[in-house]
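Inspection log for the structure reproduced underneath, given as structure tokens.
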Amino acid sequence: MSVATLDIRDLYLSFKGYVGTVEVLHGISLHIERGERVALVGESGSGKSVTARIVLGLLQELRSARVTGELLFEGTDLSTLSAAARHDLRGTKMSMIFQDPTSSLNPVYTIATQFHEVQKRALPSLGAAESRAMAAKMLRDVSITEPDRVLDSYPFQLSGGMNQRVMIAMALANEPSLLIADEPGTALDVTVQAQTLTLMHDLVAEHGTSVLFISHNLGVVREFADRVYVIYKGRIVEKGRTQSLFGNPGHPYTRALMAAVPKITGGGVADVEEASEAFAEPMVDHDRQAVA
């Protein structure tokens, strides 16, 4: 039996504030097999991005955060690793693509310089010339036809779509086992977003990379993901294979999200009252074809 790339078991998160403790995640469990594209979907504030940051080990560094549960990465319990070992995973075995590509890149350094810094995470002795050659190849892989011009450019000299392609190339440069994509393309227009997601889909398939795809856009998720987890107020309320979940959504909140997808012919207004009563229904597990 193969070991899952990522296995999250019973994950809880809370923050200690001035007036008490705020509970954010309530027993999140999900897994991603090697080469699998898994989406975590839900509205803003549902707990999607904090889950990703826990996987990367970022929230555990905050004194106000309390994280419990198991996080297994390629069979290794991440809680047993030192802070330095967790840091070494970021940018090498784990990579992340953020929502806004322009703000994710440093405006005072060229793309070539920033690419070199990323590559040195895995190859500390890599020279500038070799780095440039490798970066140019990766940029061509994301359909950038003038890699030398892009490498000599600063982020503000490139379009949002071009910067997003650069971010995808950087994220895959060190051939990570896990790519976390946090709302990629949200800052782009729909045409460029579609092109970018198609490129990312093809590249992760080529490299055998596992993907945790975080989004609120079910239209995008339907085209990209193999399986879907629906999160609402820090709880997984439905999960299953994409085709099954979209074909027969079992939870009121999932149905409300689908109703909120804009339609060319109009409509697309979610039933807010139904969504507010979502926890009257138990969690739906399409993998087992039964209600948990």
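Below is a table of values for the structure above.
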{"item": "Condition broken by Ser125, with the remaining ones in (1) surrounded by 19 or more Cβ atoms within 10 Å (Cβ to Cβ); (2) farther than 30 Å from Glu43 by Cβ satisfied", "result": "(1)"}
{"item": "The one condition in (1) on the phi < 0 side of the Ramachandran plot; (2) of a type in the set (D, E, K, R); (3) surrounded by 12 or more Cβ atoms within 10 Å (Cβ to Cβ) that Glu74 fails to fulfil", "result": "(1)"}
{"item": "Hits in region 132-161 (condition: surrounded by 20 or more Cβ atoms within 10 Å (Cβ to Cβ), within 17 Å of Asp100 (Cα to Cα) and of a type in the set (A, V, I, L, M, F, W, C))", "result": "Leu158"}
{"item": "Listing of helices (runs of 4 or more DSSP H) fully contained in region 194-292 that carry 3 or more residues being at pLDDT 85 or above and surrounded by 13 or more Cβ atoms within 10 Å (Cβ to Cβ)", "result": "218-224, 242-247, 252-259"}
{"item": "Filter result for Val3 (under 15 Å from the mean Cα position of the chain (by Cα) and touching a residue at least 24 places away in the same chain (Cβ under 8 Å))", "result": "no"}
{"item": "Conditions (1) under 26 Å from Arg9 (Cα atoms); (2) in contact (Cβ under 8 Å) with a residue 40 or more places away in the chain; (3) surrounded by 21 or more Cβ atoms within 10 Å (Cβ to Cβ): number failed by Leu89", "result": "(2)"}
{"item": "Top-ranked residue of region 97-118 - restricted to ones that are without any contact (Cβ under 8 Å) to a residue 60 or more places away in the chain and part of a loop (DSSP other than H, G, I, E, B), ranked as farthest from Val204 (Cα to Cα)", "result": "Val108"}
{"item": "Ala65 surrounded by 14 or more Cβ atoms within 10 Å (Cβ to Cβ), free of Cβ contacts under 8 Å to residues at least 60 places away in the same chain and closer than 25 Å to Ile168 by Cβ", "result": "no"}
{"item": "Filtered residue count, region 41-72, keeping only those that are among the hydrophobic types (A, V, I, L, M, F, W, C) and farther than 30 Å from Pro249 by Cα", "result": "6"}
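The values are calculated or read from the model by the stated rules, or taken from the named source; none is laboratory data. These figures come from a predicted structure and were not determined experimentally. Note that each Cβ is placed from the backbone with ideal geometry, even for glycine, and that neighbours are counted across all protein chains shown.
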